[in-house]
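**Q** Dropping the structure in here first, questions after.
The values are calculated or read from the model by the stated rules, or taken from the named source; none is laboratory data. Since the structure is predicted, the reported quantities are computational estimates derived from the model, not experimental observations. Don't worry about glycine lacking a Cβ; one is built from the backbone with ideal geometry, like all the others, and counts go over all protein chains shown. We work out accessible area using only protein heavy atoms, side chains counted, and drop any ligands, DNA or RNA first. Shrake-Rupley method; radii C 1.70, N 1.55, O 1.52, S 1.80 Å.
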Amino acid sequence: MSPSPWPNGRRPHVLAIDHDASVLALLRDLLEDEGYQVSTQPTIDKDLGVGGALQPDLIILDAMWAGEDHGWSSLQMLRLDPGTTRIPIVLCTGAAPEVEALRPHLEEMQVRVVLKPFNIDHLVEVIAAALDSPSEAPAGD
């Protein structure tokens with residue numbers, strides 16, 4: 001299932017952010033096979049700003065919540081940054097209890113969730129659906 005071409009004919013650009021290099025390699029191979037342009041980063045660089053430099057159409061964000069707040073902080077940073085506030089985000093994480101506890105906030109922020117270990121077909125479906133949905137600014141914007 002390849003993404004349908006956008007009106008300007010370019011491939012949708014997906015930015016994958018994950019601390020695990022093997023996961024990034026898997027996402028790159030998988031999504032490029034599906035027809036996406038893919039960029040990867042191990043972390044979010046607070047000084048560079050993801051939106052300005054790469055201008056992705058969608059962000060896949062890993063969130064490690066095992067005893068730290070980095071994942072939630074990264075997600076909030078993406079939603080508060082004017083350059084990324086309207087970019088669809090797919091949270092790809094193994095932190096199921098944390099996701100469940102934050103579900104209302106994630107829905108309000110229009111963040112889709114795919115739990116690890118993920119089904120590849122499901123991940124591709126979620127990405128396609130997020131790209132097909134018109135993006136609105138999160139509540140409070």
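**Q** Is it the case that Val126 is within 14 Å of the chain's Cα centre (by Cα), assigned to a helix (DSSP H, G or I) and not hydroxyl-bearing (Ser, Thr, Tyr)? Please lay out each step first, then the result.
**A** Values: within 14 Å of the chain's Cα centre (by Cα): yes; assigned to a helix (DSSP H, G or I): yes; not hydroxyl-bearing (Ser, Thr, Tyr): yes.
The answer is yes for Val126.
**Q** Still on this structure, please answer the following. Looking at Pro117, is it within 20 Å of Leu30 (Cα to Cα), modelled with pLDDT of 85 or more, part of a loop (DSSP other than H, G, I, E, B) and open to solvent by 80 Å² or more (accessible area, probe 1.4 Å)?
**A** Working: within 20 Å of Leu30 (Cα to Cα): yes; modelled with pLDDT of 85 or more: yes; part of a loop (DSSP other than H, G, I, E, B): yes; open to solvent by 80 Å² or more (accessible area, probe 1.4 Å): yes.
In short, yes.
Each row is one residue, and each column tells you yes or no for (1) buried (at least 16 other Cβ atoms within 10 Å of the Cβ); (2) of a type outside the set (Ser, Thr, Tyr); (3) modelled with pLDDT of 85 or more; (4) more than 14 Å from Ala16 (Cα to Cα).
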position: Ile60; (1), (2), (3), (4): yes, yes, yes, no
position: Asp69; (1), (2), (3), (4): no, yes, no, yes
position: Leu78; (1), (2), (3), (4): yes, yes, yes, no
position: Leu91; (1), (2), (3), (4): yes, yes, yes, no
position: Ala101; (1), (2), (3), (4): no, yes, yes, yes
position: Ala128; (1), (2), (3), (4): yes, yes, yes, yes
position: Ala137; (1), (2), (3), (4): no, yes, no, yes
